[in-house]
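Report on one structure; see the data block that follows.
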């Protein structure tokens, strides 16, 4: 009954946000870098934060330091959705938010070394920004996040308990509400930075908590599809002498949707299915102690597929000047 009531409340909260966004013109206008052609409401992903804060309030502020960090991340991301915020200010909020998350993880009690703290910060910031960059077509953020959260829920319930499973359950409900409006041919709303960054921050917290409890870094495989696409796209753009800080349409999913004209939902479903298959295989071999070997083999296989695809369709990535 708790989850049913919460689902209804989140659904109503999303509808209320649509009215607010429509009144204050919080919209996403397509441009030459976009993968969509219609003006659409932006910031529907705020439902992820609303789900998290609802859980926190109902449990007398469980994981308080993480929630403070998530709140800071959500605020600056929502402001950025409304009006552009400088990258330096965003980074300050991200680093401070990350500091609160590290404190929730017990970084001070375990006396992390400074170099470990630096590596963890850069790694987590990288994942959050990559997650944001991957949010470019209908359904991909909500669909992919749903698979990751379901996997985390399964691991927490049947393999090793690392967090309150109700928290994951609430997040899944929020994702389902968002997907109802976004996982469709003509999306009612987009996640916006407030959605992609807040859900990324939350997933990083959950996976980090899992890794800290198990001391097993191979669980990062839960994000391996996004990871390979993001990292190899950066490498590809560097090889093309492009400014990697500027918007682009060179992610593999963008090429499938924009250049090969595959339906957004089909592309998002492909990413979901691949990640699901990888996670299922990982769960089967992990108990035998082959987690790291499986992770390495998966990265190599996905990288090979990426390179072969880009080699076959390299002409899609030539600069206009080179084409001429």
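Tabulated data
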read-out: Candidates 302, 232, 308, filtered to the one that is assigned to a helix (DSSP H, G or I) and either surrounded by fewer than 14 Cβ atoms within 10 Å (Cβ to Cβ) or free of Cβ contacts under 8 Å to residues at least 40 places away in the same chain (or both); value: 308
read-out: Residue selected from the range 246-286 under the condition outside any helix (DSSP H, G or I) and in contact (Cβ under 8 Å) with a residue 60 or more places away in the chain, by the criterion surrounded by the most Cβ atoms within 10 Å (Cβ to Cβ); value: 251
read-out: Neighbours by Cβ (under 7 Å, 6+ apart or cross-chain): first from the range 10-31, modelled with pLDDT under 95; second part of a helix (DSSP H, G or I) and surrounded by 10 or more Cβ atoms within 10 Å (Cβ to Cβ); value: 26/81; 26/82
read-out: Members of the range 251-277 found to be over 21 Å from residue 179 (Cα atoms) and under 18 Å from the mean Cα position of the chain (by Cα), listed by number; value: 251, 252
read-out: Residue selected from the range 197-216 under the condition free of Cβ contacts under 8 Å to residues at least 60 places away in the same chain and more than 16 Å from the chain's Cα centre (by Cα), by the criterion surrounded by the fewest Cβ atoms within 10 Å (Cβ to Cβ); value: 215
read-out: Residue among 191, 187 that is surrounded by 22 or more Cβ atoms within 10 Å (Cβ to Cβ) and under 14 Å from the mean Cα position of the chain (by Cα); value: 191
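The values are calculated or read from the model by the stated rules, or taken from the named source; none is laboratory data. Just so it is clear, the structure is predicted and the values come from calculations on it, not from any experiment. Methodologically, a virtual Cβ is constructed for each residue, glycine included, from the backbone with ideal geometry; neighbour enumeration extends over all protein chains shown.
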